[in-house]
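The values are calculated or read from the model by the stated rules, or taken from the named source; none is laboratory data. This one's a predicted model, so the numbers in the text were calculated from it and none came from an experiment. Note that each Cβ is placed from the backbone with ideal geometry, even for glycine, and that neighbours are counted across all protein chains shown.
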Amino acid sequence: MPTTDQRAPKRRLPIAPEGLPFIAVGLGLAIVGALFSWIAFAVLLVLAVLVGAFFRDPDREVPQDCGLVVSPADGKVVLVETTPEGHYAGAGRTQISIFLSILDVHVNRAPVAGTITGVDYHSGSFLPAFNDKASLRNEQNRIVLDGAEGQVGLTQIAGIIARRIVFRPTVGDRLERGERFGLIRFGSRVDLFLPTGTTVHATVGDRVRGATSVLAHLDVAHPRPEGRRR
């Protein structure tokens, strides 16, 4: 049964905190623009509103059935394939890649419940996030989640506009399914790596919503202990 994200209370302004400085600057510029012309004020105010829309962070209803893998982000599924030999996530894992346009919600969510057992940041290029080469060459943050139903990998990837990956937790922290953990500013991509035996429901071209869209079911016939907890 779906449940509301309970890690953070309902907010009157559902905006990611990282966006507040950008919104404040935009509003400040709009006020300054009003000193010169109403046209400048209107244009700058619209830009400030658009920035606010980018950092929107709505509450979501998170499905709680056993074994579900929910989408870690809003966007479009651009890749569903099996990882080859030599891939950093390991061979034979199911990769689901989601492209986030500048119009999508950019807050990232945990696809499964589990303990963070690895975080590995890599600087790199800024190819368009829909380019498959972005998964290996762009600036990215690789995360490993260990849960009772298996180990899931997740990579936050910066795009051609994005220049800042935000990741709030640390190794040893536990995340609940659908819990917020970070974001990528201004266009990006998220890659999800699932273990062998996963039943995948996502297909290329699907539009998905973070924390609510079910991408796959993990094999729960042989659950294992989770990694260490904080």
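A quick yes/no check of all residues on (1) at pLDDT below 90; (2) closer than 21 Å to Pro14 by Cα:
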| position | (1), (2) |
| --- | --- |
| Pro72 | no, yes |
| Val78 | no, no |
| Val112 | no, no |
| Gly118 | no, no |
| His122 | yes, no |
| Asp132 | yes, no |
Exercise. Can you tell me which residues in segment 134-149 are among the aliphatic types (A, V, I, L, M), assigned to a helix (DSSP H, G or I) and at pLDDT 60 or above?
Worked result: Leu136
For this session: Could you list all residues from segment 86-101 that are assigned to a loop (DSSP other than H, G, I, E, B) and in contact (Cβ under 8 Å) with a residue 60 or more places away in the chain?
Result: Ala89, Gly90, Gly92, Arg93, Ser101
